[in-house]
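Data block below; observations after.
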Amino acid sequence: MPIKIPDDLPARTTLAQEGVMVMREVDAVRQDIRPMRIGLLNLMPNKIKTETQLARLLGATPLQVELTLVKVTNHVARNTPSEHMISFYRDWQDIKGEKFDGFIVTGAPVEHLPFAEVTYWDELRRVFDWTQTNVQSTFNICWGAQAAVHHFHGMPKYPLPAKAFGVYRHRNLSPASPYLRGFSDDFAIPVSRWTEVRREDIPGNSGMAILMESNEAGLCMLDDPTHRALHMFNHVEYDSTSLADEYFRDVAANKPIGKVPGVKIEPRHVLASGSLPPGFPWTEIDGMPYWDGGLVDNTPLGLAIDAFSTDPQVDRMLVVMNLYPLRARLPRNLAGVEDRMHELSYGNRIRQDHDSARRINALVETIDELAAKLAPDDRSDWLNARLDEARRYKVIDCIVNIDMQDPAVTLVPSAQSPADDKDGMRDFSPETVRRRRRDGFKFAQDVLRPAFENRWQSTSGGAAVAAK
């Protein structure tokens, strides 16, 4: 069923492009259906992005949803245009006489402050009390969840020595809970916070139950049936780029960031990378079965871009190896057909992505040129933030494509060497592996040497190149 949001809300275009059903206000009026009323008290600095993230999730319900955007009374948002706030948000004082099926309180960038020192703390306490009479169920997120358990149960928050930041593994501690129906026993959730609440501070008579928890990140979600609330301390609503955006924002502001959680590479991970169906079974890691990631994308350019530094002083070079041919001999039997299907499946899309990266760079340069025509004092904080976000996408100064199918390169035999034809992709004999390593190494050297020399010569004064 569709979600009803204001016709001019920026989230509408994004959600419609993603296939989320969005209802126009004029159509909603004509229907004899009572929608589920959801209020969103949006305390996040990037309100437009948060609106979109939560509207996307709400739009996935089978029920018709009407979303009301709410703000703290008389609080002025610094990172969102005033026109947007006036057009789409209502003060809590103006809606406190209404009833809602659900109410969401987001996080806020005030974790470093004691609760009592937050300028809108008194009103937020009244909001929490109001949910007990005017709201059927409440969902509190990150700092909003910490504030709620402090208000209702007196639980303190503790500063962390470094920001808990990254995607952490979590455990399902209550599979029978209706909120976790369909969840696996183990899943990953984005975490981004400077403080935490602790398990040992949960009052014994509170009636709260821990639904999700992480060995590394601690408490994740509490069920609070007494107050008909769920307290989510992490960010299930985040987009795929949200953590990257926050990371680069914090780096630019010289904020200390804790060690981003990683995965220790073990033999089982290497084995999973070679688990090519149907010839090989999947490899199980921590209870999850894995096939070779190349089935989805053999060269995930987006992840490489997110890993680049945005420092303008860093020279960024992306080197991509194309191992699978676009052109090849016609297969002569079923084994050959299967080999060719695998080649086309694992063949990366860097050829197309390369062109897209060039277009993105050109677009960002145009944005910079237009922004330069506007005096810095005339730019709002919101516009400057958008400009910084746009510049982050121009991070590839040079793409070096080591393509075994490049017709201009005849340094080594083609990837479709006659020696490969006998057993195709199934040939992992020592002789074949040694030959492929030898030819590939020479090919990479001959392509990379001039690429690095050209980059070195192009830097002013022969400055050192920092290739990523």
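Which of 49/157; 71/373; 47/96; 49/373 have a Cα-Cα distance over 31 Å? In this structure, 71/373 lie more than 31 Å apart at Cα.
Between the stretch 186-231 and the stretch 164-185, the alpha-carbon centres lie 11 Å apart.
May I ask you to give the percent of accessible area on the stretch 81-194 that is carbon plus sulfur, with a probe radius of 1.4 Å? Numbers along the way, then the final one.
Numbers: 2830 of 5200 Å².
For the stretch 81-194, the apolar C and S fraction of the accessible surface comes to 54 percent.
Under a Cβ-Cβ cut-off of 13 Å, what is the net charge of the residues other than residue 218 that fall near it, where Lys and Arg count +1 and Asp and Glu count -1? Walk me through the numbers before you get to the answer.
Working: positive: 157, 169, 171, 193, 198, 199; negative: 196, 200, 201, 213, 216.
In short, +1.
Accessible area per residue (1.4 Å probe, heavy atoms of protein chains only) ranks 288, 85 as 288, 85, with the largest value leading.
Over the stretch 46-202, what portion of Cα pair distances is larger than 18 Å, expressed as a whole percent? So the pairs more than 18 Å apart make up 67 percent of the total in the stretch 46-202.
In the stretch 131-213, the ratio of gyration radius to Kirkwood radius, Rg to Rh, stands at 0.97 when only Cα atoms are counted. Less than 5 angstrom separates the built amide H of residue 39 from those of 68, 102, 103, 104, all sequence-distant by 5 or more or on a different chain. For 275, 174, 240, 184, the ranking by accessible surface with the largest value first comes to 240, 184, 174, 275, using a 1.4 Å probe. The heavy atoms of residue 170 offer some 0 square angstrom of accessible surface to a 1.4 angstrom probe.
The values are calculated or read from the model by the stated rules, or taken from the named source; none is laboratory data. Predicted model only: the values in this text are computed from it and were never measured. Counting neighbours? That spans all protein chains shown, and the Cβs are built from the backbone with ideal geometry, glycine included. For the accessible areas, the whole protein counts, side chains as well, though only heavy atoms, and no ligand, DNA or RNA atoms are used. Shrake-Rupley method; radii C 1.70, N 1.55, O 1.52, S 1.80 Å.
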